[in-house]
1. Take B:Ser12 and A:Thr2, extend 7 Å from each Cα along the Cα→Cβ direction, and tell me the distance between the two endpoints in nm.
2. Of the options A:Gly50, A:Val75, A:Ala109, report the single residue whose Cα projects farthest towards the positive end of the charge dipole of the stretch A:49-158 (beta-carbon charges: Lys, Arg +1; Asp, Glu -1).
3. Evaluate E = 1/(1 + (r/R0)^6) for A:Phe24 and B:Leu255, where r is the Cβ-Cβ distance and R0 equals 45 Å; express this FRET efficiency to the nearest 0.05.
4. When the Cα centres of the stretch B:87-161 and the stretch A:89-159 are compared, how far apart do they sit, in Å?
5. Output the 0 to 90 degree angle, nearest 10, between the alpha-carbon long axis of helix A:6-20 and the longest principal axis computed from the alpha carbons of chain A.
6. Taking the Cα centre of the protein assembly as shown as origin, work out the dipole magnitude from +1 charges on Lys and Arg Cβ and -1 charges on Asp and Glu Cβ, in debye rounded to 20.
7. Could you give the size of the charge dipole of the stretch A:19-82 about its Cα centre, using +1 on the Cβ of each K and R and -1 on the Cβ of each D and E, expressed in debye and rounded to the nearest 20?
8. Express in nm, to one decimal, how much length is gained between B:Leu162 and B:Val46 on full extension, taking 0.36 nm for each residue of separation and deducting their alpha carbon distance.
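Read-outs: derived from the displayed coordinates by stated rules, not from any lab. These numbers were taken from a predicted model, which means no experiment stands behind them. Using ideal geometry, Cβ is built from the backbone for each residue, glycine included, and neighbour counts are taken over all protein chains shown.
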Amino acid sequence: MTVNATFIGQMVVFAILLWFFWKFVVPPLARANTDRQKKIAEGLAAAERGQKDLEEAKSRADAVVREARERANQVLEQANRRSNEMIDTAKQSASAEGDRLLANARAEAANETARARDALRGEVGALAVAGASRLLGREIDAKAHQKLLDELAEEIVRG
Amino acid sequence: MASASGAEHGTSPTDYIVHHLTHLQVGEGFWTWHLDTLFMSALLAVVVGWVFWAAARRATSGVPGKFLGFIELILEFVDGQVADIYHGDRRFMVALALSLFTWIIAMNTMDLLPLDLPGGVAALFGLEYWRVLPTADLNGTIAMAIVVLLLIIVAAIRSKGLGGYLHEWVSAPFGNNPILWIPNICLNFVELLSKPVSLGMRLFGNMFAGELLFMLIALLGFTVVGVTFGSAFGFFGQIVMGTAWAIFHILIVVLQAYIFMVLPIVYIAMAEEHH
């Protein structure tokens, strides 16, 4: 229980141990620790960045999808409109064609009528001259009464 | 924690305890060397140093293994304690605290070895005495405390300069008046000296008392003389009390090491403060 020279030896032992820890043990362990802390911090930052990127990409994808859907709607609408237009034009042209055909038919009928009328008129004039000659018992100079005959024929045809 | 093998060296309980408290020594007077203390502390310093050096060599910023994780756990704990107390570059402080903490735990743990085992092993080598616990030797604890004292003085001089440090000796704490120089010096002397003395004596006292209690418990084994009630009491008493004290002693082993780790850091931090 007495203090003697032993403590000198103990001081040397402790001094050596302390020096060893100071020079060879604590620095590498502390460095590894700091490095790991840095690594972990970087990893966390990278993860956060990745998360943000993912969110951005997601919102971008959403925008693209939304735009595509809008465009599809537009295309669909356009197509609808165009088909309606085409139907309308077809209808219009069909009805115009019908009108035209009708008009043609009418014109033809009118032509026919006019021609028939002209033929009739000539025939009526001849008939009237023939009738009147029979009544008068003599030849009537058709040329001399052309004007009268024409007027008569006109009257008959119209009447 | 003991058998009655002490009877080989002496039949009486007194002989047993005296034998267990005697160092293996050479030399005379002050120049006496406790070979067992020197050998055990050096051996444990080598073991602790080797374990931590192995960890330091394996140190990686990647995923640590179990061994490295355990070492880093200790380092983190010590580093946290130091960081709480000492504000500044604490690389040396961590080395000081870590070496004190681990070395003292290793030495204190020797108290948990079976009481007669180290002596028995030493006897195989023809050594009559062998105290296995370096921290139950006042030389062992005072030596560490004196190293700490030197570090306190060095830290104070580094922080304040030699002139500032000497100035503090004469002018603090009462004031810089020539009449107060002597009281200042006396008080500073007591204050400075009380630190290593209390450090060394505390650890020594705790470990010496713990060791002594193990010996006293071992004496219960001496009462085993035959198949009697008294023998049964002695046998089971030694087992029960020895177990209980050993378990409680684990706490003291770690606690005293912790105290011896923290106080030097506190002292050095105080020494670097300006008054």
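1. So the label points at B:Ser12 and A:Thr2 sit 2.2 nm apart.
2. Sorting the options by dipole projection puts first A:Gly50.
3. On the way: r = 28 Å, r/R0 = 0.63.
For R0 = 45 Å, the calculated efficiency reads 0.95.
4. 149
5. Here the helix axis deviates by roughly 20 degrees.
6. Working: 35 positive and 42 negative charges, 183 e Å.
Charge dipole, the protein assembly as shown, about its Cα centre: 880 debye, nearest 20.
7. Numbers: 14 positive and 10 negative charges, 31 e Å.
Dipole of the stretch A:19-82, to the nearest 20 debye: 140 debye.
8. On the way: separation 116, 0.36 × 116 = 41.76 nm, distance 3.55 nm.
Extra length from B:Leu162 to B:Val46 when fully extended: 38.2 nm.
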